Amino acid sequence: MSEFLWTMYDIFMSNRESFLQGTINTLIISITGTFIGLIIGLLVAIVRTTPQPKKIMPQIIDGLIKWLLSAYISIFRGTPMIV
């Protein structure tokens, strides 16, 4: 077991710059994805909570937009962020 740990340590030490760069890239992607998701979520929430228009044509357009947003939510809700 001790030999295994030394081998892992040697691998880590010889590739530590790559591990550090990968960690930094992962954090950047995660923070950017979270911020973009927050903006999209706020916009979707605002659109979905707007009152129903009284005229027929704006009702149709509003219904179509809300249906598209519902489809977007259904598709992306179960998708992990970093995929």
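Calculate, in nm to one decimal, what Thr23 and Lys66 gain on full extension: separation in residues at 0.36 nm each, minus their alpha carbon distance. If you can, show how the numbers build up before the last one.
Numbers: separation 43, 0.36 × 43 = 15.48 nm, distance 3.80 nm.
Length difference between fully extended and current span is 11.7 nm.
Might you tell me the accessible area per residue for the chain, computed with a 1.4 Å probe and given in Å²?
Working: 7240 Å² over 83 residues.
On a per-residue basis, 87 Å².
Over the chain, with every protein chain in place, what whole percent of the accessible area is carbon and sulfur at 1.4 Å, could you tell me? Write down the numbers at each step before the final one.
Working: 5380 of 7240 Å².
Of all accessible area on the chain, carbon and sulfur atoms account for 74 percent.
Taking square-rooted eigenvalues a ≥ b ≥ c of the alpha carbon gyration tensor, is the range 16-82 rounded, prolate or oblate, where a/c under 1.5 means rounded and, failing that, a/b exceeding b/c means prolate?
Numbers: a/c = 5.76, a/b = 3.48, b/c = 1.65.
Prolate, because a/c is 1.5 or more and a/b exceeds b/c.
Where does helix 2-14 land angle-wise versus the long Cα axis of the chain, in degrees 0 to 90, nearest 10?
Value to nearest ten degrees: 60.
The values are calculated or read from the model by the stated rules, or taken from the named source; none is laboratory data. Source: prediction; values computed, not measured. What goes into the accessible areas is simple: the full protein's heavy atoms, side chains included, and nothing from ligands, DNA or RNA. Shrake-Rupley method; radii C 1.70, N 1.55, O 1.52, S 1.80 Å.
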